[in-house]
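A.B. asks: For reference, the structure I am asking about is given below.
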Amino acid sequence: MAFKAPRGTRDMLPLESDKWNFVERKFRELCYNYNFAEIRTPVFEETELFVRSAGEESDVVKKEMYIFKDRGGRELALRPEGTAGVVRAYLEHSLHNNAQPVKLFYYGPMFRYDRPQAGRQRQFYQMGIEIFGTKDPASDVEVIKFTADFFSKLGFKDLKLHINSVGCPECRPLFQKDLEEFARTKISLLCGDCRKRALNNPLRLLDCKNDSCREVMKDSSPINAYLCSSCGTHFEDVLKLLKALNISFYVDSGLVRGLDYYTNTAFEFLSCQLGSQNALGGGGRYDNLVEHCGGPQVPGVGMAVGVERILLALEKEELFPVKDQPEGVFLAVESTDLWEERFNLLYLLRDNDFRVETDYLNRSLKAQMKFANRNSFRFVIIMGVEDKSKGIVKLRDMVNGEQVELSFEKIPAFLRKKIE
Ligand code: HAM
């Protein structure tokens, strides 16, 4: 039986890679503008890091992690998200001793064992940013503005920003108590998982994926009513700044996000083009996570976007730039006897930074021209047997059909001028 990519994973084929590169380029450009520096962390970490950060009761940890023991008996997990590893690296390399805030970005594969569907995979890519060392509401807004700018650079026009505050360990307990009591009165209507959640981590009742549980919990009192004064002020300041920057938002009091580490701001960007997996990205503030992972009290805020979902939404909205103009040079030869001249010219042009291809299948000259045309080469150099003695080649511009005769040495300068 032929091998297939594992369920929930996808191959990225060359045609698609242009689209990935387009999204990645926009992200990197924006990271540069916003002064975020790149960090790369391993795709697996100690399992305990994710249990401690995302929370034992979160779906991500409880149901979706790829966990394994290595041959040395270490308990490891493929990362289900990027923030925990970045926090671990921030601490391991004592980045808290650097001038703060420390602003980092990352891009890489994440792994969650969930039921695959459109926009939900078991291996997916995230692009994320994190800011450590400031509680300033302006840094929450910087993360949100970055995300909004990123989406608008990609061409999206009508994404929805949902925002909420999930409070802090001071104000959340009372909310959680009331939530638990509310859940008890509806316990027969809740799924098995939510019955356990009601006891162990009532906040998680609010992000059950089960529609009937969502319907029941819709009537519980919203967290906003419980915020302590500092959380309330922080949230108001964030909203004020968003308004000042003309960023539209919707305060969604049911938004708590699926990871336990959030404090205060939580947000998501939603696309109406996608079905149930409509969150293109999300994030929030996590002021106790660094300490919780064994470090000093350092606040943080960040977000991550899902690349596959972005690609799906771009596709649906037909936002990919039209296919690139023809480019590059195809070096066609009349006879394989000309191999020495051909390879000299091929490498001369590549040394001069041109994108150049030649024929390796002994095709006829006509077939080589057809190949060049189909593969959108802008120029074709034709090396004929008769031309060899004269030391020249023919160079055809495939866009307008113009053809000139040139000696080898003149080709780089000629091409450069044409391309400019
Ligand atoms: P998250 O909301 O779990 O947040 O994931 C961020 C984004 O990753 C989602 O909005 C979605 O676009 C994409 N995503 C998540 N799961 C899948 C999946 N199974 N298949 C395809 N795409 C998926 C986090 O991971 C946080 N670490 C974000 C953050 C950074 N918060 C603070 N800093």
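The values are calculated or read from the model by the stated rules, or taken from the named source; none is laboratory data. Everything numeric in this text was worked out from a predicted model, so none of it was measured. Cβ: placed from backbone, ideal geometry, glycine included. Neighbour counts: every protein chain shown. Accessible surface is based on the protein model in full, side chains and every heavy atom, while ligands, DNA and RNA are left aside. Shrake-Rupley method; radii C 1.70, N 1.55, O 1.52, S 1.80 Å.
A.B. asks: How far is helix 229-244 tilted off the main Cα axis of the chain, in degrees rounded to 10, range 0 to 90?
C.D. replies: 30 degrees
A.B. asks: Work out the length of the dipole vector of the chain about its Cα centre, built from +1 on the beta-carbon of each Lys and Arg and -1 on the beta-carbon of each Asp and Glu, and round it to the nearest 20 debye.
C.D. replies: Taking the Cα centre of the chain as origin, the dipole is about 780 debye.
A.B. asks: Something else: Rounded, prolate or oblate, given the Cα gyration tensor of the stretch 329-419, with a/c below 1.5 counting as rounded?
C.D. replies: Rounded is the answer for the stretch 329-419, as its axis ratio a/c remains below 1.5.
A.B. asks: How much area per residue is accessible in the stretch 329-419 when the probe is 1.4 Å and only protein heavy atoms are counted (Å²)?
C.D. replies: In whole numbers, the stretch 329-419 has 60 Å² accessible per residue.
A.B. asks: A further question on this structure: Which log10 I(q)/I(0) values, to two decimals, does the stretch 1-49 give at q = 0.20, 0.25, 0.27, 0.31 Å⁻¹ under the Debye formula with one point per Cα?
C.D. replies: -0.95, -0.97, -0.99, -1.05
A.B. asks: Check cross-link reach from residue 366 to the aspartates and glutamates: straight Cα distance under 14 Å, and skip same-chain residues fewer than eight apart.
C.D. replies: Qualifying aspartates and glutamates at Cα under 14 Å: 334.
A.B. asks: Have a look at the DSSP beta bridges in the stretch 329-419 and tell me what percent are antiparallel, nearest 5.
C.D. replies: Antiparallel: roughly 55 percent of the beta bridges in the stretch 329-419.
A.B. asks: Using alpha-carbon pairs under 8 Å, 6+ residues apart, how would you state the relative contact order of the chain in percent?
C.D. replies: So the answer I get is 15 percent.
A.B. asks: Can you tell me the 0 to 90 degree angle between the C-alpha axis of helix 365-374 and the longest principal axis of the chain, rounded to 10?
C.D. replies: Helix 365-374 and the main axis of the chain meet at about 30 degrees.
A.B. asks: Something else now. If you bin the C-alpha pair distances of the stretch 145-229 every 5 Å from 0, what whole percents do you get?
C.D. replies: All Cα pairs considered, the percentages come to 3, 14, 22, 17, 12, 11, 10, 8, 3, 0.
A.B. asks: Taking the chain as a Gaussian network, Cα atoms linked when under 10 Å apart, which of 290, 404, 305 shows the biggest mean-square fluctuation?
C.D. replies: Result for the chain, Cα springs under 10 Å: 404 fluctuates most.
A.B. asks: I'd like the distance separating the alpha-carbon centroids of the stretch 25-51 and the stretch 57-122, in whole Å.
C.D. replies: 10 Å
A.B. asks: By a straight-distance test (C-alpha under 26 Å), which lysines pair with residue 417 as possible cross-link partners, with residues fewer than eight away in the same chain excluded?
C.D. replies: Here the lysines satisfying the reach criterion relative to residue 417 are 323, 370, 388, 390, 394.
A.B. asks: Let me ask you something else. Could you pull the accessible area for residue 351 with a 1.4 Å probe, rounded to 10 Å²?
C.D. replies: Here the residue's solvent-accessible area equals roughly 130 Å².
A.B. asks: Taking residue 160 as the anchor, which lysines have their alpha carbon closer than 28 Å to its alpha carbon, excluding any fewer than eight residues away along the same chain?
C.D. replies: Here the lysines satisfying the reach criterion relative to residue 160 are 19, 26, 103, 135, 145, 209, 218, 240, 243, 316.
A.B. asks: Please report how far the C-alpha centroid of the stretch 198-254 lies from that of the stretch 281-353, rounded to the nearest whole angstrom.
C.D. replies: The stretch 198-254 and the stretch 281-353 have Cα centres separated by 36 Å.
A.B. asks: Highest GNM mean-square fluctuation, the chain, Cα pairs closer than 10 Å: which of 90, 66, 250?
C.D. replies: The residue that fluctuates most here is 250.
A.B. asks: Which value, in Å to one decimal place, does the Kirkwood hydrodynamic radius take for the chain when every pair of different Cα atoms is included?
C.D. replies: It works out to 24.9 Å.
A.B. asks: On the protein heavy atoms, probe 1.4 angstrom, tell me the percent of accessible surface of the chain carried by carbon and sulfur.
C.D. replies: The nonpolar share, carbon plus sulfur, comes to 50 percent.
A.B. asks: Next up: Under the rule of -39500 (n - 2.57) per DSSP H run of 4 or more residues, summed and divided by the residues of the chain, what mean residue ellipticity at 222 nm is obtained, to the nearest 500 deg cm²/dmol?
C.D. replies: Computed mean residue ellipticity for the chain: -11000 deg cm²/dmol.
A.B. asks: Write down the percent of antiparallel bridges among all DSSP beta bridges whose residues are both part of the stretch 24-144, to the nearest 5.
C.D. replies: Of those bridges, close to 90 percent are antiparallel.
A.B. asks: Please list the radius of gyration and Dmax for the stretch 99-156, considering alpha-carbon atoms only, with Å as the unit.
C.D. replies: Gyration radius and largest Cα-Cα distance of the stretch 99-156: 14.7, 43 Å.
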